[in-house]
């Protein structure tokens with residue numbers, strides 16, 4: 001097992017949540033995972049990946065710093081939608097792009113979802129955050 005770098009220890013609750021989410025994916029997440037695992041899109045994509053020590057991304061491509069979210073019905077709630085926007089903005093300030101799809105998009109048109117993910121993975125990554 002590779003050694004962890006100092007200072008990258010995740011909060012135990014976040015780590016537990018990520019592990020539990022990997023064990024019980026939604027139908028849409030499972031469908032995407034079957035299509036992107038093992039570098040099927042040409043890049044390594046992780047699932048239920050912790051970002052910035054406080055967020056869990058449904059899928060993450062470290063090569064281009066891309067967070068991929070598969071949103072269920074709760075994300076139409078105004079408070080959740082506002083949180084999602086703030087989270088995406090926070091990630092962007094750290095050089096991470098966010099790509100969002102609904103469960104319905106995944107279930108009805110998986111090829112279009114995969115094409116969008118592929119294109120995002122081929123695009124240049126956001127510039128890294130400026131040092132303060």
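The values are calculated or read from the model by the stated rules, or taken from the named source; none is laboratory data. No experiment lies behind these values; they were computed from the predicted model shown. With ideal geometry, Cβ positions are generated from the backbone for all residues, glycine too; neighbour counts draw on all protein chains shown.
With respect to (1) within 17 Å of residue 71 (Cβ to Cβ); (2) assigned to a loop (DSSP other than H, G, I, E, B), the lone exception for residue 106 is condition (2).
Residues in region 35-52 that are farther than 19 Å from residue 25 by Cα and touching a residue at least 60 places away in the same chain (Cβ under 8 Å): 41, 42, 43.
It is to be established whether one or more residues within region 53-62 are touching a residue at least 60 places away in the same chain (Cβ under 8 Å) and either more than 14 Å from the chain's Cα centre (by Cα) or surrounded by 12 or more Cβ atoms within 10 Å (Cβ to Cβ) (or both). Give the derivation first.
Restricting attention to region 53-62, the residues satisfying the condition of being touching a residue at least 60 places away in the same chain (Cβ under 8 Å) are 61.
The next check asks that each one be either more than 14 Å from the chain's Cα centre (by Cα) or surrounded by 12 or more Cβ atoms within 10 Å (Cβ to Cβ) (or both); those that pass are 61.
Yes.
Of the residues making up region 117-127, one or more are more than 23 Å from residue 32 (Cα to Cα), surrounded by 14 or more Cβ atoms within 10 Å (Cβ to Cβ), in contact (Cβ under 8 Å) with a residue 24 or more places away in the chain and in contact with a strand residue (DSSP E or B) (Cβ under 6 Å, 6 or more places away or on another chain).
Evaluating residue 89 against the criteria (1) in a helix (DSSP H, G or I); (2) within 14 Å of residue 51 (Cα to Cα); (3) in contact (Cβ under 8 Å) with a residue 24 or more places away in the chain leaves one unmet condition, (3). Filtered by the rule that a residue be modelled with pLDDT of 90 or more, farther than 19 Å from residue 126 by Cβ and outside any strand (DSSP E or B), region 42-73 gives a lone residue, 42.
Taking region 4-26 as the search range and keeping residues that are assigned to a helix (DSSP H, G or I) and exposed (fewer than 12 other Cβ atoms within 10 Å of the Cβ), which one is modelled with the lowest pLDDT? Don't jump to the end; show me each part of the working.
Of all residues in region 4-26, those assigned to a helix (DSSP H, G or I) come to 12-23.
Next, only the ones that are exposed (fewer than 12 other Cβ atoms within 10 Å of the Cβ) stay: 12-13, 16, 19-20, 23.
On the way: 12: 60, 13: 66, 16: 60, 19: 56, 20: 59, 23: 66.
Of everything passing the filter in region 4-26, 19 is modelled with the lowest pLDDT.
Of all the residues that make up region 89-113, how many are surrounded by fewer than 17 Cβ atoms within 10 Å (Cβ to Cβ) and under 15 Å from the mean Cα position of the chain (by Cα)?
First, pick out the residues of region 89-113 that are surrounded by fewer than 17 Cβ atoms within 10 Å (Cβ to Cβ): 89-90, 92-95, 100, 104-105, 107-112.
Subset that is under 15 Å from the mean Cα position of the chain (by Cα): 89-90, 92, 94-95, 100.
Counting residues in region 89-113 that are surrounded by fewer than 17 Cβ atoms within 10 Å (Cβ to Cβ) and under 15 Å from the mean Cα position of the chain (by Cα) gives 6.
Among the numbered criteria (1) assigned to a helix (DSSP H, G or I); (2) farther than 18 Å from residue 120 by Cα; (3) touching a strand residue (DSSP E or B) at 6+ places or on another chain (Cβ under 9 Å), which one does residue 79 miss? Going through (1) assigned to a helix (DSSP H, G or I); (2) farther than 18 Å from residue 120 by Cα; (3) touching a strand residue (DSSP E or B) at 6+ places or on another chain (Cβ under 9 Å) one by one, residue 79 breaks only (3).
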